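Undergrad: Got a structure for you, written out below as structure tokens; questions coming shortly.
The values are calculated or read from the model by the stated rules, or taken from the named source; none is laboratory data. Small disclaimer: the values here were computed from a predicted structure and weren't measured. The area values use the complete protein model at the heavy-atom level, side chains included, leaving out ligands, DNA and RNA. Shrake-Rupley method; radii C 1.70, N 1.55, O 1.52, S 1.80 Å.
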Amino acid sequence: QLQASGGGLVQAGGALRLSCAASGRTFNSYDMGWFRQAPGKEREFVAAITWSGGSTYYADSVKGRFTISRENAKNTVYLQMNSLKPEDTAVYYCGAADQQLYTLKSPARYSYWGQGTLVTVSS
């Protein structure tokens, strides 16, 4: 139901734009988030956006470099990643949040996940 795309291999300092497209149902009323998981590490929060797009949240490690946005008319969420660093290398996952007991920075908030897209940043 969520399809993440746009990953790839990029040199340090480069940019990529990830997309998360929904199919089969609409997620326009859901807060959405991006997480990433590097080999041997836990899934970590990257960015989130409220259903209206009115509020955004970022991990400190990506603040000022990444931008999350959404186009509800296209049922799609984006993650623009600039000034990429080797430590940004990970599989990136998008999620739709509906578990109100948890914060947007917690994976437990999200009930729906995309399959992940690999981002590799070379030094």
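Undergrad: Determine ³J(HN,Hα), in whole Hz, for all residues of the stretch 45-51 in sequence, where each value follows from phi through the Karplus function 6.51 cos²θ - 1.76 cosθ + 1.60 and θ = phi - 60°; x replaces Gly and Pro.
TA: 5, 10, 7, 8, 9, 6, 4
Undergrad: For the stretch 7-14, take each phi angle, set θ = phi - 60°, evaluate the Karplus expression 6.51 cos²θ - 1.76 cosθ + 1.60, and give the result in whole Hz per residue in order, putting x for glycine and proline.
TA: Ordered by residue, 3J(HN,Hα) equals x, x, 9, 9, 7, 4, x, x Hz.
Undergrad: Under a 10 Å cutoff between Cα atoms, tell me which one of THR67, THR56, THR103 has the largest fluctuation in the Gaussian network model of the chain.
TA: THR103
Undergrad: Can you sort LYS85, LYS105 by solvent-accessible area, 1.4 Å probe, largest first? Could the numbers behind the result be given before it?
TA: Values: LYS85 80, LYS105 115 Å².
Sorted descending by solvent-accessible area, the residues read LYS105, LYS85.
Undergrad: Then there's this: Among the lysines, which have Cα under 17 Å from the Cα of LYS105 when same-chain residues fewer than 8 positions away are ignored?
TA: Correct list for LYS105: LYS41, LYS63.
Undergrad: I would also like to ask the following. Using θ = phi - 60° and the Karplus form 6.51 cos²θ - 1.76 cosθ + 1.60, what ³J(HN,Hα) does each residue of the stretch 82-99 get, whole Hz, x for Gly and Pro?
TA: 10, 6, 5, 10, x, 6, 7, 4, 4, 8, 9, 10, 9, x, 10, 9, 9, 9
Undergrad: Less than 20 Å apart at the alpha-carbon level, and either on another chain or at least 8 residues along: which aspartates and glutamates does that give for LYS85?
TA: GLU42, GLU44, ASP60
Undergrad: Can you work out the base-10 log of I(q)/I(0) for the stretch 1-65 at q = 0.13 1/Å, using the Debye formula on its C-alpha atoms alone?
TA: With one equal scatterer per Cα and no solvent, log10 I(q)/I(0) is -0.45.
Undergrad: Another one. Based on the Cα coordinates of the chain, what is the per residue volume of their convex hull in Å³?
TA: Working: hull volume 11.3 nm³, N = 123.
Looking at the chain, the number lands at 92 Å³ per residue.
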